[in-house]
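The values are calculated or read from the model by the stated rules, or taken from the named source; none is laboratory data. Fair warning: this is a prediction, and the values are worked out from it, not measured in the lab. Cβ placement follows ideal geometry from the backbone for every residue including glycine, while neighbour counts extend to all protein chains displayed.
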Amino acid sequence: MTHDTENASASGTGLKIGLIVVLLAAAGVISYRHTRSDLEQPDTPDTASTYVCVECNAAIDLTAAQYAKKASEDRENTKPLGELRGYSFLKCPTCQKYGVIRGARCPKDGTPIPQQTKDGKPGRCKKCGYALIGE
Ligand SMILES: [Zn+2]
Ligand SMILES: [Zn+2]
């Protein structure tokens, strides 16, 4: 009566393969989700930051996702500008130059201030002289 034994062992193997497939699928879903969350930047208003053009002082607000997209589009055209090394510049929608870096608006009068000026000095408000980075 070897017939019954063979059947039992065959169905046992089938169960094992089924279990492995389920485990692999679960692992695949987990790693897929993990990779997606690593690549995708949040696109919510609370992740928005102000970027300011050192050429014309125009300000643009970009969420983390918008910045990542724009930075990857502009990356090949961006080059060090004046003394500002180590910055990656975005293309300015106002003057079309690659002069947009991280900045903020003056807390007193709302004037856009780039983190640094074109000659590598800390950014200051053009209206009231407020220093963006503490001296
Ligand atoms: Zn500009
Ligand atoms: Zn000011």
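Can you confirm whether the range 108-115 contains a residue that is within 16 Å of ligand 1 (Cβ to nearest atom), on the phi < 0 side of the Ramachandran plot and at pLDDT below 90?
no
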From Cys92, Cys125, residue being outside the structural domain of Thr63 (by TED's automatic domain parsing) and surrounded by 13 or more Cβ atoms within 10 Å (Cβ to Cβ): Cys125
Qualifying positions in the range 118-135 - modelled with pLDDT of 90 or more and within 16 Å of ligand 1 (Cβ to nearest atom): Gly123, Lys126
Any hit, the range 74-83, residues being closer than 19 Å to Ala48 by Cα and modelled with pLDDT of 90 or more: no
Ala65 vs. criteria at pLDDT 90 or above and over 25 Å from Tyr130 (Cα atoms): yes
Filter result for Lys97 (of a type in the set (D, E, K, R) and either at pLDDT 95 or above or surrounded by 14 or more Cβ atoms within 10 Å (Cβ to Cβ) (or both)): yes
Boolean, Lys108 is part of a loop (DSSP other than H, G, I, E, B), over 19 Å from the mean Cα position of the chain (by Cα) and not assigned by TED's automatic domain parsing to the domain that holds Tyr67: no
